[in-house]
1. Report the per residue volume, in Å³, of the convex hull enclosing the C-alpha atoms of the range 308-360.
2. What area, in nm² and to one decimal, does the C-alpha convex hull of the range 80-121 cast on average over all directions?
3. For Lys246, which aspartates and glutamates qualify as cross-link partners when the Cα separation must be under 13 Å and same-chain residues fewer than eight apart are set aside?
4. Check which residues have an amide H placed less than 5 Å from Leu90's amide H, if you skip close sequence neighbours.
5. Please list the helices of the chain that count as membrane-span-like by this rule: a mean Kyte-Doolittle hydropathy of at least -1.0 together with Cα atoms stretching 18 Å or more along the helix axis, each helix being a complete DSSP H run.
6. Relative contact order for the chain using alpha-carbon pairs under 8 Å, separation at least 6, rounded to a whole percent?
7. Just need the relative contact order of the range 217-410 here, percent rounded to a whole number, with Cα pairs under 8 Å and 6+ apart.
8. From the C-alpha coordinates alone, can you work out the Kirkwood hydrodynamic radius of the chain, in Å?
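What follows is calculated from the coordinates using simple rules that are stated; it is not laboratory data. What you are looking at is a predicted structure, and each value in this text was computed from that prediction instead of being measured. Here the Cβ positions follow ideal geometry from the backbone for every residue, glycine too, while neighbour counts run over all protein chains shown.
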Amino acid sequence: MTRTSTPPPAPTPAGRFGIRRNLLRPEDSTSSDRVTYVELFFDLIFVFALTQLSRYLYENQSWEGALESAMLVLALWWVWVYTTWVTNWLDPAKLPVRGVVLGLSLVGFVVSVSIYESFGDRGIVFALAYSLLQLGRTAFMVLAVARHDAELRRTFVRILIWLALSSVFWIVGALLPLQYRLPLWLIALAIEYLSAGVGFRVPGLGASGIDQWNLSGPHIAERSALFVIIALGESLLVTGFAFVAKESSAASILGMLLAFGATVAMWWLYFDHSERAGAKAIAAAAEPGRIARLAYTYVHAVIIAGIVLTSVADKEVLTHPHTEMTLSTAVVLVGGPALYVLGMLLFRLVVARELLVSYLVGIGALLVAFGAAFELTPLQLGSVTTGVLVLVAGWETVVRVRRGTDDKKAG
């Protein structure tokens with residue numbers, strides 16, 4: 001199913017502000033839902049960014065480091081989400097759009113290489129690159145749709161105003177002494193996230209009806225699934241690099257197997273049935289914008305954060321398998337899987353209105369594991385959390401098999 005059917009906007013007279021050529025995706029065709037190769041190229045930029053985030057959190061296991069890492073994960077996710085929205089409407093097969101996506105990839109690469117030192121010497125580089133990516137992409141969208149979709153142009157003018165406001169806090173936070181950076185950047189991030197929640201309302205311009213956005217649901221679902229794959233691949237990269245840096249031992253081999261098992265379980269939780277349920281729901285929705293905003297924007301941020309934190313936990317188990325448990329280690333080892341299962345629980349609740357008992361039991365089991373964490377070593381606790389992920393991943397599949405519901409019917 002392609003985009004929801006809406007009357008085509010009336011063409012505006014030639015000579016008006018904006019790009020004359022229509023760069024929007026064609027409606028009612030297979031290309032309206034297709035994920036293009038240049039979009040996948042843009043996504044690859046985030047593999048390195050996610051490894052740097054995992055590295056930063058691993059080396060800054062404190063409450064402040066956790067808050068900084070969470071902020072960076074959410075900022076990175078928001079950049080990706082906004083770009084996905086733009087390429088959902090614009091056709092990357094057209095040269096101007098393809099060129100802009102490649103340009104955004106370059107700026108995104110600067111964001112990626114500066115993210116590890118974003119709370120150090122490269123703070124201004126990160127802030128400028130992040131702001132340039134957000135503002136440049138949105139400004140191009142305004143130019144691209146100005147002549148062809150008046151309502152969409154007004155929406156992205158509102159978004160541009162909100163992003164311009166947040167950019168002030170990003171840049172000022174990077175220029176002021178370090179103690180001001182985190183508070184100002186949290187304000188900037190809050191502006192960006194909350195603006196979508198209020199429909200990008202601007203005094204004098206009103207708000208955008210996000211729930212009525214004419215989105216390609218299948219495109220949003222596929223792009224989000226591909227990003228989950230990228231994040232899971234990053235988790236294996238972190239584990240692989242940590243393993244080859246150590247001498248082989250029974251503990252390191254077990255740690256590697258546990259990390260692989262946890263990644264497979266997370267993959268199974270998302271792709272065995274949930275991905276199809278989400279794609280089906282957003283494709284059939286009368287208001288795909290609502291599902292895109294809730295399930296594929298806010299809820300997926302929780303899922304991605306869980307994957308990143310789990311990759312840090314895997315490295316912790318490999319590096320310090322038998323050391324005495326600390327609070328930060330226990331939070332990392334339990335928090336990653338718990339965030340992921342919580343994200344999947346919310347995702348299924350939004351897209352299918354299902355409150356799955358298996359996910360609730362999994363979260364409860366992880367909380368119990370956290371309570372017993374200080375009686376265990378990191379390797380032992382990692383074994384427990386991986387076991388919980390495997391249990392939750394298999395639970396729903398077993399239930400569906402026993403009920404005789406095959407994948408085709410379930411999906």
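1. On the way: hull volume 4.3 nm³, N = 53.
It comes to 82 Å³ per residue, whole-number rounded.
2. So the mean shadow area of the Cα hull is 3.3 nm².
3. Filter leaves Glu316.
4. Arg25
5. On the way: long enough: 37-59 (34 Å, 0.91); 63-89 (39 Å, 0.70); 95-114 (29 Å, 1.89); 123-145 (33 Å, 1.70); 150-175 (37 Å, 1.33); 181-197 (24 Å, 1.20); 217-244 (41 Å, 1.32); 250-269 (28 Å, 1.77); 300-319 (29 Å, 1.33); 327-352 (36 Å, 1.99); 357-371 (21 Å, 2.11); 378-402 (35 Å, 0.95).
Membrane-span-like by this rule: 37-59, 63-89, 95-114, 123-145, 150-175, 181-197, 217-244, 250-269, 300-319, 327-352, 357-371, 378-402.
6. Details: 583 pairs, mean separation 72.6, N = 411.
Relative contact order, the chain: 18 percent.
7. 28 percent
8. Radius from the Kirkwood sum: 22.2 Å.
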